[in-house]
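Accompanying notes for the structure given below.
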Amino acid sequence: MFTIIILTFLLLAVALAVAIGMAMRNAGNRSWSFELSRVIGDAFGAISQAPLLFAVIVLITSGAPMAAAFTMIGLIDWGPSPPLLAAFGLGLTALVLGQIGHLLLVAATLDLLDRRPLELRAILARILPLLPSAMLLLILFWLAIGVGFAFFVIPALVLACLWFVVTPAMVAERLGAFASFARSAELTAGVRWQLLLLLVIGGIFWTVAQAMIGGLAAITGDGLASTIVYTILTAMLGMIPPAVAASAYHTLRAQKEGLRVNDLEQVFA
């Protein structure tokens, strides 16, 4: 186990060094800048404007299904293996709720970055019609990433950078799944080394944060308190990736296409 952890951090360190070098080289070839500090700062700035809303969304759409799964596993004697139908139903429910939460967080971040008032009912009215396409997008995305990982990781990283803003593109421009993939590829052209660097930084942050959460949960013991602490803190981490993706989309669109404040009103009208 210790060897695996060391190898993981070594791989992350190598990836970080390569990504930093290529991102700096690539930045000099553009007439406009894509600043990761701005993307990250805007994402956390959006979260800080509505922390309660973001927290409630992740707790309902991610924390609650996770807690339900832990509870069922702990309280129900499934025998040698859980019933296939029950496992499938629980997994499908968690998947749908998680995607709804992801869409909500992306839409809320875009509204905040565009200085629009947050109206949860209006956001729901916008994102729920997109849910079938969003589910198809989710399945295709992770299927492609899974195949990419099977071929020595690099193809998966390429696809992750290519499709970094696929969900924000769908939410903001009300596109279908395949059009969203194409739109993301268009917007991320020229900044994919920077996005790889952002992914590596996110991976390091996630690894350290999960280790700290596991340690805090272990301090509380092995019972219900530990499960609650782990579930809540892990769910809270889940608000960051959608906000960062939405911020990256907003920045790329502004830099490449001159997006101004309130331009999205025409899209959302």
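How big is the range 143-254 in terms of Cα radius of gyration and Dmax, in angstroms?
Just the Cα atoms of the range 143-254 yield Rg and Dmax of 16.8, 49 Å.
Using a 1.4 Å probe, what is the accessible area per residue for the range 130-259, in Å²?
Using a 1.4 Å probe on heavy atoms only, each residue of the range 130-259 averages 44 Å².
Taking the highest mean first, how do the peptides 46-55, 145-154, 120-129, 193-202 order by number of other beta carbon atoms within 10 angstrom per residue?
Output ranking for 46-55, 145-154, 120-129, 193-202: 193-202, 46-55, 120-129, 145-154.
For the range 150-207, what is the convex hull volume of its Cα atoms per residue in Å³? Provide the component values of the computation, followed by the final result.
Working: hull volume 5.7 nm³, N = 58.
Once divided by residue count, the hull of the range 150-207 is 97 Å³.
Give me the three principal axis extents of the range 106-197 from the C-alpha atoms, as integers in angstrom, largest value leading.
44, 27, 17
Counting alpha carbon pairs within less than 8 Å and at least 6 residues apart, what relative contact order, in whole percent, applies to the range 83-169?
The normalised contact order for the range 83-169 reaches 25 percent.
The values are calculated or read from the model by the stated rules, or taken from the named source; none is laboratory data. Bear in mind the structure is a predicted one, so any value in this text is a computation, not a measurement. Reconstructed Cβ throughout: ideal geometry from the backbone, glycine too, with neighbour counts over all protein chains shown. In case anyone asks, the SASA skips ligands and DNA or RNA and just uses the protein heavy atoms, side chains included. Shrake-Rupley method; radii C 1.70, N 1.55, O 1.52, S 1.80 Å.
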